[in-house]
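For reference, the structure is listed below as structure tokens.
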Amino acid sequence: MGSERLPGRPSMPLARAPLIVRQIERMARARRVDRLVVSTTTDPADDVLEAVVRREAIPVHRGPPQDELARLARALEAWPADHVVRVGDDSPLIDPDLIDATLDLHLAEQADHTTNRSPGAAYPAGQGVEVITAEGLRRLAAESAALRLRAGEGAEVPPAPVRWSSLALLAQPDQGDVRWSVESPVDYAFVAAVYDALYPVDRMFTSDDVRRLLEERPDLATFGGVRRL
């Protein structure tokens, strides 16, 4: 809720429901995901977010405001899993099929980490999916905590060794400068217009439906002077 560019983003309305609820609806359609958990902070401002999410019967984990890795690792302790999929809260147009495709690649290749936002062949902002093994997440969180402790003691912090098998689900052509994420008031107005056009017709509208809409609506394709298609 404390986003500097768009305070209160998760509770902003899309098709008469909070943005986070619409995002949960879409993520719940991913076939390869066994459980959804919302990870947020202990900041009192996020009390509202927790209440909204719990009304949807989705578990909520709250942790240190400045340490996302710690929050994710502790959520993993509370809800054990073999792999963790991370999607930011700025993605109410997230594609459930893209979540599944990223997971499929990750599992087939037994990678430590997989993303679909690789530079030069990325899916749009707001479609970002990261998958990491549970062991990898725990290790990252522990190393991050150790590095912060050493930095706080004034010690020189060496670069972390590269020990990862990291893969990317590639988009062709590159769509990295396409923005479907909600990072600003203009982005929110764009996504709200998409929901107003598509959600009443089909609550399960797809990314292809969004692209067809943008092809028919040049005003939306470059809404706010940003590439949307």
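The values are calculated or read from the model by the stated rules, or taken from the named source; none is laboratory data. Model, not experiment: these values are computed from the prediction. Heads up, the Cβs are rebuilt from the backbone with ideal geometry, glycines too, and the neighbour counts pull from every protein chain shown.
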Are any residues in the range 97-128 out of contact with any strand residue (DSSP E or B) (no Cβ under 6 Å at 6 or more places or on another chain) and either of a type in the set (Gly, Ala, Ser) or in a strand (DSSP E or B) (or both), and if so, which ones? Ala101, Ala108, Gly120, Ala121, Ala122, Gly126, Gly128
Looking at Ala134, Ala121, Ala108, Ala81, which one is without any contact (Cβ under 8 Å) to a residue 12 or more places away in the chain and surrounded by fewer than 19 Cβ atoms within 10 Å (Cβ to Cβ)? Ala108
Can you name every residue in the range 26-78 that is within 22 Å of Met12 (Cα to Cα), in contact with a helix residue (DSSP H, G or I) (Cβ under 7 Å, 6 or more places away or on another chain), part of a loop (DSSP other than H, G, I, E, B) and without any contact (Cβ under 8 Å) to a residue 24 or more places away in the chain? Leu36
List the number of the failed condition for Ala57; all other conditions in (1) crowded, with 20+ Cβ neighbours inside 10 Å; (2) small (Gly, Ala, Ser); (3) on the phi > 0 side of the Ramachandran plot hold. (1)
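Among Ala192, Ala151, Ala145, Ala155, which is of a type in the set (A, V, I, L, M, F, W, C) and either modelled with pLDDT of 95 or more or over 24 Å from Glu68 (Cβ atoms) (or both)?
Criteria check complete, one pass: Ala192.
Tell me, please, whether a residue that is in a helix (DSSP H, G or I), touching a helix residue (DSSP H, G or I) at 6+ places or on another chain (Cβ under 9 Å) and closer than 16 Å to Glu130 by Cα can be found in the range 81-96.
Yes, there is a match, as at least one residue in the range 81-96 is in a helix (DSSP H, G or I), touching a helix residue (DSSP H, G or I) at 6+ places or on another chain (Cβ under 9 Å) and closer than 16 Å to Glu130 by Cα.
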